[in-house]
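Down below is the structure, laid out as structure tokens.
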Amino acid sequence: MKELFDDFNRWNASGQRFAIARVVDLEGSGPRLPGAAMAVTESSDVVGSVSGGCVEGAVVLESLDVLESDTHRIVTFGFSDDEAFAVGLTCGGTLHLFLEAFEGGEWFTQLQSDISAEAPVALATVIEGPGAGNKLLVRAGTDGPTTVGSLGNADLDRVIDRDARGELAAGRTGIRHYGEHGEAREGVVSVFIESFAPPPKMLIFGAVDFTAALGRVAKVLGYRVTVCDAREVFATRARFPMADDLEVDWPDRLLDRVGSDLGPRDAICILTHDAKFDVPAVVGALATSVGYIGVMGSRRTHDDRTARLVDAGVDQNGLDRLHSPIGLDIGARTPEETAISITAEIISRGTGREARALKITEGPIHD
């Protein structure tokens, strides 16, 4: 939804009414995950997508009806993979959307502010049951109020405040079910919790040509990119304009400063072959909770580095965390191809999928 904020603000400024359709649940295969959004104005201007084109036309009609009736509703498309083509969801599965007329307010102003500041924030919306349409913004790690708005019940607000923080910490978006006052294991109230976590971080050590290519691809994937090299003559803004942060420092010293902030969504890529540089970088990376650690080099370089890491006290568990040599075996040679190889491995590792051609696999394309 955040990609549509500029359109929301433009329409608000011009007095245009509009409806928002958000994917809140997905069963089986589907092209867009919960949180994907589409907005439709009363004059039928459309932005965003909820299905990659499969059911957008029907969603426009439903959205216009929501605006005319000033209501909100859950709309479902698709039944099974065999039947989906007939109802428009060509990829199969069942798509559940929550449609509502947009009503801004303090929650929306604060949501935009927190996202702009890269502060973690979650938006909880009652999509079914008492108080449907009510919203509670849950703010984590910020000054000022920790919540904005209400779901219509103080007890439910308290429970959602707790649960939304857990969902936000895990980067999850989805539906939770409660009793009217927040009781667990009941289905009176359905709440859609949408997490807006800060962008994942990628730390790239070594100011080399491969770094520039990897930084460009990482930015396309939404990473906040840091490039670090102790050599000031190489770590320049002219060489790495895509970097959000450029650090002229030793890797272990940088990781001492920022390592505690790294988590499973983040990545460290070590693209240098200098022993006095890459060993401290690997040791420092292993001391963090980062989800991916990749180290560049030939198999001979890998074997030599492994021996040095063992000498530095790295045990087998640590060695098993390393993706070395870095990247997937796709025959990459150029810096750009290597960047694709590395980021593909990061995606594969994050989804738990073995990287194989779809042609030779079976089952759903999308988890």
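Listing for the model above:
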| read-out | value |
| --- | --- |
| Wholly within the range 265-363, helices (runs of 4 or more DSSP H) carrying at least 1 residues that are crowded, with 17+ Cβ neighbours inside 10 Å, of a type in the set (S, T, N, Q) and in contact (Cβ under 8 Å) with a residue 60 or more places away in the chain | 335-351 |
| Within the range 135-189, strands (runs of 3 or more DSSP E) holding 1 or more residues that are under 18 Å from the mean Cα position of the chain (by Cα) | 135-139, 174-178 |
| Residue under evaluation Leu26, criteria (1) under 17 Å from Phe192 (Cβ atoms); (2) part of a helix (DSSP H, G or I); (3) of a type in the set (A, V, I, L, M, F, W, C); (4) modelled with pLDDT under 95, criterion not met | (2) |
| Members of the range 260-288 that are modelled with pLDDT under 95, over 22 Å from Ala339 (Cα atoms) and of a type outside the set (A, V, I, L, M, F, W, C) | Ser260, Asp261, Lys276, Pro280 |
| Unmet criterion (only one of (1) within 19 Å of Ser289 (Cβ to Cβ); (2) surrounded by 17 or more Cβ atoms within 10 Å (Cβ to Cβ); (3) more than 24 Å from the chain's Cα centre (by Cα); (4) not aromatic (Phe, Trp, Tyr)) for Asp229 | (1) |
| Selected residue (only one of Val217, Val227, Val282, Val258 is under 21 Å from Ala197 (Cα atoms), touching a strand residue (DSSP E or B) at 6+ places or on another chain (Cβ under 8 Å) and among the aliphatic types (A, V, I, L, M)) | Val258 |
| Within the range 172-192, tally of residues that are out of contact with any helix residue (DSSP H, G or I) (no Cβ under 6 Å at 6 or more places or on another chain), over 19 Å from Ala36 (Cβ atoms) and free of Cβ contacts under 8 Å to residues at least 60 places away in the same chain | 10 |
| Matching residues in the range 42-60 - criterion: being surrounded by fewer than 20 Cβ atoms within 10 Å (Cβ to Cβ) and modelled with pLDDT of 85 or more | Glu42, Ser43, Ser44, Asp45, Val46, Val47, Gly48, Ser49, Glu56, Gly57, Ala58, Val60 |
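The values are calculated or read from the model by the stated rules, or taken from the named source; none is laboratory data. Predicted, not measured: the structure shown is a model, and the values here were computed from it. Ideal geometry is used to build each Cβ from the backbone, glycine not excepted, and the neighbour counts take in all protein chains shown.
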